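Undergrad: Below you will find the structure I want to go over with you.
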Amino acid sequence: MTAGSPLLQASNLHTWFELRQWGFLRVGSVRAVDGVNFALARGESVAFVGESGCGKSSLARTLLGLHRPTRGEVTFDGEELSTLKGKARQRYLARVGYVQQDPFGALPPFMDVRRLLNEPLIIHGVRDPAAREERIRRVLEEVRLTRVDEILSKFPHMLSGGQQQRIVIARALLLEPAMIIADEPVSMLDASVRVEILNLLRNIQRERELTLAFITHDLSTVRHFADRIFVMYAGRIVEQAPVDELLDHPQHPYTQSLLAAIADVDADNALEERDVPGGEPPSLLNPPPGCRFHPRCPKAIAGTCDVREPPRFAPREGHYSDCWLHDERHGS
Amino acid sequence: MNRWAAGLRELKQYPSAIGGLAIILFLIGLSLYTVVTIPYSEALDKWRGGEQWRMHPVNAGPVWADRLAGGDKPRTQVVRSTETEIREVPFEGGRQVRIPLEFDYHNGEFPSEINLFLRTLDSSRQAFVRLNWKTPSGETIALGGQRVARDDRISISQNPSLEGRLGMVPHIGLFAGDSPPDAPEVEKGRYRLVLDAILFDEDARLEADLAVYGRVHGVAGTDYQRRNLMVALMWGTPVALAFGLLAAVGTTITTLIIAATGVWFRGIVDATIQRLTEVNIILPLLPILVMVGTLYSTSIWLMLGVVIVLGIFSAGIKTYRAMLLPIREAPYIEAARAYGASNARIIMRYMIPRILPVLIPTFVTLIPTFVFLEASLAVLGLGDPVLPTWGKVLNDAQEQSALYNGFYYWVISPAVLLMLTGLGFAMFGFALDRVFNPRLRTQ
Ligand SMILES: Nc1ncnc2c1ncn2[C@@H]1O[C@H](COP(=O)(O)OP(=O)(O)O)[C@@H](O)[C@H]1O
Ligand SMILES: [Mg+2]
């Protein structure tokens, strides 16, 4: 962590989706984000890691103001997100860029690249077309797109996946953000361009001194692209530590099984299927009592893990993990 | 935009697209020509009818139709005194004037009517005229004499005493020569109507126009009010196209915006729109229009307004909603929200354009349905009170029992134009459908 106040802080953040029957009967809530706390410093790159369905995208959308948190709050640069209205909210949206998973889906298919890159600028009141064009060309250069003139008049479907994602990144950079939230930015791209795009994001983050929240379900890629890692499980952060510390000394059994799963498999393309430890992913509708991981945990302590929710422990310097195993009384 | 260009290029492969487009362009061309050559106010004035049409025959068919059928029906001939030599003999307190109105008649069929229009100018007292009809064979038939008002019409065809003497209606008898009354035949040659007038003023003048009405007129024929049907057929085109286009644009755009608004805001907004649509779908459009037309006004603009208002919550909303629902969740819309696009912008710029190409064919085929609706209203007697339209022509034809009386042209020409409009838009629309809805293409 660097000095100064954090750029973004989430405290006790909950995002639940109400499930209704026949449109009105409440039958329960999907607890996609269920009590998350963290603070991101300026210029820091962090990774949120967790298996599919653990609430990573919901967390990203909540941070972007696309979902209203059910409870808790997001504070950005000292201002609480839910209190922002009108101009102030627009300013916030300009300061946080969003890079989605599916680059083709993220681009309006009926707009050419020039048009779709003009959109955010128009919305944020850049009136002069020449000024917009100039800013667009600048960010396109920044995302290393060549033959800009040609690309500007193309439609998204005429571009390769890598080019599409560069356009998405360019769009996120257009409004001079202080932070970028990238939700699995490479998971839908060809393996050959993934590293390029990740490097690009990392370089831009360093050059612009951005805060980068990088969401992935793939622990094998994070080492070079993040400073810190948050491991998510069933809507919660279960472990957090600087990247090397976490990868070299995983503390939480869930993280350990994630890492073991990677080590098992060598082939690149098999990674996605085997990046999850065995057993059923937890239900977010009826989360298991106690520690949410206990039904799948090889080290679960009967009578404790299935009853009481684990508090945050700090088994190592700067390394936090929510697991009863770190409790003195149980040893380990 | 590229997608459109590609679509247009592909359209060329469909003969129905070319044909439909040709028809549509023809109709548009005709509309423009009409609006330029017959200005709106002039068209309204002409269609109001009256004296301006007095030199036109009643219920005359199109010339080409007669000639195609091998007929030899006469056209209307007008002989004016201003173009003839007038002989004047002055006398104490006035003048005697002789006006010979001459014309050649070579058609195989008799004229439909004969009128003489008289005007006395600069006269304080009524003039007196005596008429003599001279046939090619040199026979003279006296048509009698009468005083002339300032602006007078002598209906020679409707002179009962003359009809009695000839044994036939005058416009046949005067041309029949010696042929028997039960099988009259035209005596061809030069006819003359000689006016002998007595004017009781020094500088009084008399002008006379003889109209020998034919049985065919122009391209479109005339109606029972002597009006040239061409005015209505031509002016009907821009009116029909404008009505169809405005109604189609009005209903499609409002429906689209409302459907997108419902989909975007969901919840109570969507539910309200859905219920309104369901109620509106069962409301019958035509009876409501008939009611408005009967109780309020039949102005075409009012009708257009009612059509659009009732069209806002039309069944289209359900279709558009089904198309928009998946788009609502598209990542590009989420992205737009994340960079601050307003609700209105998302609806107008991100949701609607997405389904617009798919709607264009439907839109094109929607146009003629409104054209037909307008025509139906007119046929029902709820046409615009002043505008000449195809439907109004059909309505007149129906009221005058045109088909029963054998005036087929009166019904056929507007009907053909209506069908042509339907055909053109349908052909073009179906071709567009194949281009823009690729699902149909594989069939
Ligand atoms: N808008 C929503 N409405 C209802 N449920 C949702 C919504 N978005 C996500 N969820 C649910 O929340 C859970 C977490 O989803 P998500 O945040 O997409 O996880 P991840 O990105 O980690 O795969 C899933 O069970 C998903 O079905
Ligand atoms: Mg996700």
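FYI, it's all coordinate maths here, none of it is from the lab. If you're wondering where the values come from, they're calculated on a predicted model, not measured in any experiment. Positions of Cβ are backbone-derived with ideal geometry, glycine not excepted, and every protein chain shown enters the neighbour counts.
Undergrad: Using alpha-carbon pairs under 8 Å, 6+ residues apart, how would you state the relative contact order of chain B in percent?
TA: Taking the mean separation of contacting Cα pairs over the length of chain B, I get 22 percent.
Undergrad: Gain in length, B:R150 to B:K12, computed as 0.36 nm per residue apart minus the alpha-carbon separation, to one decimal in nm?
TA: 43.2 nm
Undergrad: What is region A:90-195's relative contact order, in percent, from Cα pairs under 8 angstrom and six or more apart in sequence? Walk me through the numbers on the way to the answer.
TA: On the way: 136 pairs, mean separation 52.9, N = 106.
Rounded, it is 50 percent for region A:90-195.
Undergrad: When the dipole is taken about the Cα centre of region A:9-156, and only Lys, Arg (+1) and Asp, Glu (-1) are charged at their Cβ, what size is it in debye, to the nearest 20?
TA: 360
Undergrad: What area, in nm² and to one decimal, does the C-alpha convex hull of region B:72-213 cast on average over all directions?
TA: Its Cα hull, projected and averaged over all orientations, spans 8.2 nm².
Undergrad: Name the chymotrypsin sites (Phe, Trp or Tyr not before Pro) in region B:295-369 that are in a loop by DSSP and that have at most 14 other C-beta atoms within 10 Å, would you?
TA: B:Y296
Undergrad: For n ≥ 4 DSSP H runs only, could you compute -39500 (n - 2.57) per run for chain A, divide by its residues and tell me the 222 nm figure to the nearest 500?
TA: -9000 deg cm²/dmol
Undergrad: Order these by the 10 Å Cβ neighbour count, fewest first: B:T76, B:T369.
TA: If I rank by nearby Cβ atoms, fewest first, I get B:T369, B:T76.
Undergrad: If you only keep lysine pairs separated by 8 or more in sequence, or across chains, how many in chain B come under 28 Å at the Cα atoms?
TA: Lysine pairs meeting both conditions in chain B amount to 6.
Undergrad: Do the sum for chain B: with -39,500 (n - 2.57) for every DSSP H run of n ≥ 4, divided by all residues, what is the mean residue ellipticity at 222 nm, to the nearest 500 deg cm²/dmol? Before the final figure, lay out the partial values.
TA: Working: 16 runs with 225 residues, N = 443.
After summing the helix terms and dividing by the residues of chain B, the value is -16500 deg cm²/dmol.
Undergrad: In addition: Please compute the modelled spin-label separation between B:S299 and B:Q96, points set 7 Å along Cα→Cβ, answer in nm with one decimal.
TA: Once both label points are built, they end up 6.2 nm from each other.
Undergrad: If you don't mind, there's one more thing I want to ask. Kindly provide the Kirkwood hydrodynamic radius of chain A in Å, to one decimal, from all pairs of distinct alpha carbon atoms.
TA: About 21.0 Å, per the Kirkwood formula over Cα pairs.
Undergrad: I'd like the antiparallel share, as a percent to the nearest 5, of DSSP beta bridges with both residues in the protein assembly as shown.
TA: Values: 79 of 98 bridges.
Given both bridge residues lie in the protein assembly as shown, the antiparallel proportion sits at roughly 80 percent.
Undergrad: As an exercise, identify the trypsin sites (Lys or Arg not before Pro) in region A:51-117 lying in DSSP coil whose Cβ has no more than 10 other Cβ atoms within 10 Å.
TA: Filter output for region A:51-117: A:K85.
Undergrad: Looking at A:V113, A:Q205, A:V143, which one has the Cα that reaches farthest to the positive end of the dipole of region A:8-330 (charges on Cβ: Lys, Arg +1; Asp, Glu -1)?
TA: After comparing all options, I get A:V113.
Undergrad: Run the Debye formula on the Cα coordinates of the protein assembly as shown, all scatterers equal and no solvent, and tell me log10 I(q)/I(0) at q = 0.09, 0.11 1/Å.
TA: Taking Cα atoms of the protein assembly as shown as identical point scatterers yields -0.94, -1.19.
Undergrad: Kindly put B:D178, A:D218 in sequence by how many other C-beta atoms sit within 10 Å of each C-beta, fewest to most. Before the final figure, lay out each step's value.
TA: Numbers: B:D178 10, A:D218 17.
Sorted ascending by nearby Cβ count, the order is B:D178, A:D218.
Undergrad: Going by alpha carbons, how many degrees (0 to 90, nearest 10) lie between the helix axis of B:15-37 and the longest principal axis of chain B?
TA: 50
Undergrad: With everything on Cα atoms, drop me the angle between helix A:113-123 and the longest principal axis of chain A, reported from 0 to 90° to the nearest 10.
TA: 80
Undergrad: Taking 30 Å as R0, compute the FRET efficiency from the Cβ-Cβ separation of A:V307 and A:R68 and round it to 0.05.
TA: Once the sixth-power term is evaluated, E becomes 0.40.
Undergrad: What order do you get for B:209-217, B:124-132 when each peptide is scored by the mean count of other beta carbon atoms within 10 Å, highest first?
TA: Descending packing order for the listed peptides: B:209-217, B:124-132.
Undergrad: Separate question: Round to the nearest 10 and give me the degree value, 0 to 90, for the angle of helix A:253-264's Cα axis relative to the longest principal axis of chain A.
TA: 70
Undergrad: Among A:E44, A:E328, A:E245, which comes first, second and so on when ranked by fewest other beta-carbon atoms within 10 Å?
TA: Starting with the residue having the fewest Cβ neighbours, the order is A:E328, A:E245, A:E44.
Undergrad: Within chain B, which is the longest segment containing none of the GluC sites (Glu not before Pro) that sit in a DSSP loop and have at most 12 other Cβ atoms within 10 Å? Don't jump to the answer; show the numbers that get you there.
TA: Working: sites that count: B:E85, B:E92, B:E139, B:E202, B:E329.
Answer from the scan: B:203-328.
Undergrad: Can you tell me the relative contact order of region A:8-330? Whole percent, Cα pairs under 8 Å, sequence separation 6 or more.
TA: RCO, region A:8-330: 20 percent.
Undergrad: Output ³J(HN,Hα) for region A:100-106: one whole-Hz value per residue in order, computed from phi by the Karplus curve 6.51 cos²θ - 1.76 cosθ + 1.60 with θ = phi - 60°, and x for Gly and Pro.
TA: With the stated coefficients, region A:100-106 comes to 8, 6, 9, x, 5, x, 7 Hz.
Undergrad: I want the antiparallel fraction of DSSP beta bridges within chain A, as a percent rounded to 5.
TA: That works out to approximately 60 percent antiparallel.
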